[in-house]
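Quick note: the coordinates plus some simple rules give every number you see, no bench work behind them. Please read these numbers as outputs of a predicted model, since none were measured by experiment. For neighbour counting, all protein chains shown are included, and Cβ atoms are generated from backbone atoms with ideal geometry for every residue, glycine included.
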Amino acid sequence: MVRKWFRFTGRVQGVGFRYRAKYAAGGMCITGWVKNEWDGSVEMEAQGTEEAINRMLVMINSSDYIVIDKIESKLIPLVEHENSFYVR
C-alpha cells in the first residue's frame with residue numbers, strides 16, 4: 001500500500017478530470033482526494049496499491065477531453081482509516 005501526491009498540468013480543468021478520477025478510484029479501491037488549483041492545475045492524493053494507482057492514471061488519461069502535459073508526483077505518508085475518494 002502506498003500514498004502518492006500528484007500535480008497535473010495541461011488541459012485538466014473543465015474537462016471532467018476530477019469526476020473521472022473519482023469514478024476510477026471507486027472501481028479500484030483507491031482512497032484520497034482530488035481538487036482544482038487556482039493556477040489551472042489539478043492536485044490529487046491517491047492511496048492504494050501501486051498497480052491500482054497506475055491503472056487509475058491510465059483511465060484518467062484515456063479521456064478524449066483531458067490532455068495531461070506534465071505529472072509531478074511523490075510518495076507521502078499513508079493516511080490511516082481513510083475509506084473513500086472524494087472531490088474537494
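Between Val67 and Val79, what is the label-to-label distance in nm when each label sits 7 Å out along the Cα-to-Cβ direction?
Inter-label distance under the simple model: 3.1 nm.
Mind running the shape call on the stretch 27-76? Use the C-alpha gyration tensor, a ≥ b ≥ c as the square roots of the eigenvalues: rounded below 1.5 for a/c, prolate if a/b tops b/c, oblate otherwise.
It comes out oblate by the Cα gyration axes.
Roughly what % of Cα-Cα distances in the stretch 2-87 sit above 18 Å, to the whole percent?
33 percent
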